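The values are calculated or read from the model by the stated rules, or taken from the named source; none is laboratory data. What you see is a predicted model, and the numbers here were worked out from it, not measured in a lab. Cβ placement follows ideal geometry from the backbone for every residue including glycine, while neighbour counts extend to all protein chains displayed.
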Amino acid sequence: MKKKKVLVHGTPDSLKKFFSDAISFDYEVAAILSESFEKISIVRGGKELEVIPSQSLPKFIQRIIEAVIITDSNARDAVVNFFLKQGFNPRKLILWHETEGWVKLEIQGSDNMRVAYVNGLEFHIQNEADEKFFNSTLGRFKTIRAYRNTDPKLYPSILAQDFQRRTGKPLNFANLKTYTEKMQWLKLYDATPLKSRLADKFLVRSWVMEKIGAQYLIPLLGVWDSFDDIDFNALPERFVLKCNHGSMMNVVVRDKHSFDKQLARERFNAWLAQDFGLRFLELHYTRINRKIIAEKFMQDGDAPDLTDYKFLCFNGKPVVIQCTTERSTHLKLTYFDMNWKPTHIERNDHPRSEHPEQIPPPKNFELMKELAAKLAEGFAHVRVNFYEIGGRVYFGEMTFTPGAGLFSFKSEGTDEYLGSLLTLPKASPLPRI
């Protein structure tokens, strides 16, 4: 991600703490602002940073500076008011606290709408969904900051605590047996550069072309570094926007003239600001260069949702299919074997279909199995997703740690059975965070 050119305001103590915070690497500091001191012994990029009194700040600076980071809590209100009077966009005022990290600046809009700013992002909050998204984003920033400032040697104990909290089961890295337990190991010690490439929803396309052919790819309509780079006039009436670096970061546009662009902009700006890999320590995501892609809107006849066929592959062989249905209403995950016979597998977080025998296999089931095996070759474990639309097979994605392994099975013995199929590979070095 491109670094923001910023000014930083604070006391010598607050600034030293800010510069020791790993998350500050996202910023290129042009100068330090202060009213209380003339010099500060902070060297950045091999040179001592210039100190400018705020009162001497030239007004043209707003055109070349992307943000002002305010680290002095005691002077925060006065500094915020100073810059607002200078005509600074509130989104450019970023508040940082030594224990909380990025904190919000909230302003009441002229129409009584709450507008919150955090980490250079803007959020219009007018309903419960907006509030939930904002709080979730703020929580993720805190988690990401904490992990970036944590010794990686502590990651196994962090994962063990999170695993226990979410599944109710202990996790011992010295004695991993189940599928979900082994996935915790994969998140840390099999985060290879190749997996980073294939988890990237943009770069994986070249791999699919090499392995099975371009005819299985959903048509790509565009790729951009930011939401504001998108030329909507060049897009068709219907399309799908998604981030390339994580999961559940997409917007389905069924009518480009009526969809809420402001809401979409806020969502994508927030998603692009997050290192998805540090949410649950799925470290292979951390290398991905974050982008937005647009794909052709795909629909199979009159069906409201696409059926997703997700092949769980072990040592290059597809073993189980997770059939995902009723996505927009009551999500169902129904598992079949390689002969399309329903299995007993069921997760606690999503029910299976009440009538799995009524779910027909895809017409191209045999072809899907072959394609899944080709894409999974060489990997200890990967989930390969396909769609069948208009009688044709389309690639969905490759997922190496489904659900981050933080779920449990209702069906007894499933976790142990799938775990027995997963042979852990040789450990690889952790990516640089």
Restricting region 354-363 to residues that are part of a loop (DSSP other than H, G, I, E, B) and free of Cβ contacts under 8 Å to residues at least 24 places away in the same chain, the residue that is farthest from residue 417 (Cα to Cα)
360
Enumerated strands (runs of 3 or more DSSP E) restricted to region 278-353, each holding at least 3 residues that are surrounded by 16 or more Cβ atoms within 10 Å (Cβ to Cβ) and not assigned by TED's automatic domain parsing to the domain that holds residue 230:
308-314, 317-325, 332-336
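Listed here are the residues, each with its yes/no results for (1) at pLDDT 90 or above; (2) loosely packed, with under 12 Cβ neighbours inside 10 Å; (3) among the hydrophobic types (A, V, I, L, M, F, W, C).
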residue: 49; (1), (2), (3): no, no, yes
residue: 58; (1), (2), (3): no, yes, no
residue: 71; (1), (2), (3): yes, no, no
residue: 77; (1), (2), (3): yes, yes, no
residue: 80; (1), (2), (3): yes, no, yes
The lone condition residue 426 fails out of (1) at pLDDT 95 or above; (2) within 27 Å of residue 160 (Cα to Cα); (3) surrounded by 16 or more Cβ atoms within 10 Å (Cβ to Cβ) is (3)
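Which of the following residues is farther than 30 Å from residue 321 by Cβ, of a type in the set (Gly, Ala, Ser) and in contact (Cβ under 8 Å) with a residue 60 or more places away in the chain: 294, 234, 264, 270?
Of 294, 234, 264, 270, the one residue that is farther than 30 Å from residue 321 by Cβ, of a type in the set (Gly, Ala, Ser) and in contact (Cβ under 8 Å) with a residue 60 or more places away in the chain is 270.
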The residue from 306, 333, 371 that alone is farther than 30 Å from residue 228 by Cβ and under 23 Å from the mean Cα position of the chain (by Cα) is 333
Among the residues of region 115-144, which ones are buried (at least 18 other Cβ atoms within 10 Å of the Cβ) and either in the same structural domain as residue 271 (by TED's automatic domain parsing) or among the aromatic types (Phe, Trp, Tyr) (or both)?
117, 123, 134, 141
If I ask for residues that are in contact (Cβ under 8 Å) with a residue 24 or more places away in the chain and not basic (Lys, Arg), which ones from region 250-261 would you list?
252, 253
Within region 22-47, restricting to residues that are surrounded by 16 or more Cβ atoms within 10 Å (Cβ to Cβ) and in a loop (DSSP other than H, G, I, E, B), the one that is modelled with the lowest pLDDT is 40
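Okay, residues lined up against (1) of a type in the set (A, V, I, L, M, F, W, C); (2) out of contact with any Phe, Trp or Tyr (no Cβ under 9 Å at 6 or more places or on another chain):
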site: 174; (1), (2): yes, yes
site: 188; (1), (2): yes, no
site: 193; (1), (2): no, yes
site: 200; (1), (2): no, no
site: 206; (1), (2): no, yes
site: 210; (1), (2): no, yes
site: 218; (1), (2): yes, no
site: 233; (1), (2): no, yes
site: 237; (1), (2): no, no
If you check residue 420 against the conditions, is it assigned to a loop (DSSP other than H, G, I, E, B) and surrounded by fewer than 18 Cβ atoms within 10 Å (Cβ to Cβ)?
no
If you go through region 104-114 one residue at a time, do you hit one that is hydroxyl-bearing (Ser, Thr, Tyr), more than 27 Å from residue 14 (Cα to Cα), out of contact with any Pro (no Cβ under 9 Å at 6 or more places or on another chain) and surrounded by 14 or more Cβ atoms within 10 Å (Cβ to Cβ)?
no
Among the numbered criteria (1) at pLDDT below 95; (2) touching a Phe, Trp or Tyr at 6+ places or on another chain (Cβ under 9 Å); (3) over 29 Å from residue 246 (Cβ atoms), which single criterion is violated by residue 352?
(3)
Selection within region 397-414 - in a loop (DSSP other than H, G, I, E, B) and either more than 15 Å from the chain's Cα centre (by Cα) or within 13 Å of residue 322 (Cβ to Cβ) (or both):
406, 407, 408, 410, 411, 412, 413
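Those residues that are surrounded by 14 or more Cβ atoms within 10 Å (Cβ to Cβ) and either more than 21 Å from residue 395 (Cβ to Cβ) or touching a Ser or Thr at 6+ places or on another chain (Cβ under 8 Å) (or both), I need them from region 354-367; list them, please.
If the condition is that a residue be surrounded by 14 or more Cβ atoms within 10 Å (Cβ to Cβ) and either more than 21 Å from residue 395 (Cβ to Cβ) or touching a Ser or Thr at 6+ places or on another chain (Cβ under 8 Å) (or both), then 356, 359, 362 are the ones that fit.
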